[in-house]
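Accompanying notes for the structure given below.
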Amino acid sequence: QVQLVESGGGLVQAGGSLRLSCAASGRTFSMGWFRQAPGKEQEFVAAISRSGGSTRYADSVKGRFTISRDNAKNTVTLQMNSLKPEDTAVYYCAARTALSTILVPTTRDDYGYWGQGTRVTVSS
């Protein structure tokens, strides 16, 4: 069992930046961020391999968001720049504790562990 705890959400103006962090209680393999906006389905945002050498991003955040990890601290970080009102959502950290056939999974079903979510609100 791995527990994930997110932090760093909040209210920011459009064009601003936020940094989300996720602390895992144990060793993880690939990790990802997903988000759910009000009235919408949860969607993939970004993911990273265990080594950190491979990353994947949703088209909507490419060039603005950066995912990274520190395995010594069991943390994954999502740096969000140039935020837009449409980035408003609850952001969830997700993790795998076993290898996947896909180096960097991007679908919800590939992740077995989830955090409680942290809310990000971007005002226009």
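Checking the structure you have, find out if any residue of region 44-62 is under 15 Å from V2 (Cα atoms) and either open to solvent by less than 40 Å² (accessible area, probe 1.4 Å) or among the polar types (S, T, N, Q) (or both).
no
In region 20-39, what residues are open to solvent by 20 Å² or more (accessible area, probe 1.4 Å), touching a residue at least 40 places away in the same chain (Cβ under 8 Å) and assigned to a loop (DSSP other than H, G, I, E, B)?
Within region 20-39, S25, R27, F29, A37, P38 qualify.
Considering only residues that are out of contact with any Ser or Thr (no Cβ under 6 Å at 6 or more places or on another chain), in a strand (DSSP E or B) and either basic (K, R) or at negative phi (or both), which ones fall in region 1-19?
L4, V5, V12, L18, R19, listed by residue number.
For region 96-124, name all the residues that are outside any loop (DSSP other than H, G, I, E, B) and more than 29 Å from A14 (Cα to Cα).
Within region 96-124, D109, D110, Y113 qualify.
Could you list all residues from region 40-62 that are of a type outside the set (F, W, Y), in a strand (DSSP E or B) and under 17 Å from Y91 (Cα atoms)?
Matches in region 40-62: E43, V45, A46, A47, I48, R56.
Select from region 8-57 the residues that are closer than 21 Å to T106 by Cα and of a type in the set (S, T, N, Q) and list them in ascending order.
Residues satisfying the conditions are S21, T28, S30, Q36, Q42, S49, S51, S54, T55.
Collect the residues in region 77-103 that are modelled with pLDDT of 95 or more and open to solvent by less than 40 Å² (accessible area, probe 1.4 Å), keeping them in residue-number order.
Of everything in region 77-103, those that are modelled with pLDDT of 95 or more and open to solvent by less than 40 Å² (accessible area, probe 1.4 Å) turn out to be T77, L78, M80, L83, D87, T88, A89, V90, Y91, C93, A94, A95.
The values are calculated or read from the model by the stated rules, or taken from the named source; none is laboratory data. Fair warning: this is a prediction, and the values are worked out from it, not measured in the lab. We place every Cβ from the backbone using ideal geometry, glycine too, and count neighbours over all the protein chains shown. Areas reflect the complete protein model, heavy atoms only, side chains present, ligands, DNA and RNA absent. Shrake-Rupley method; radii C 1.70, N 1.55, O 1.52, S 1.80 Å.
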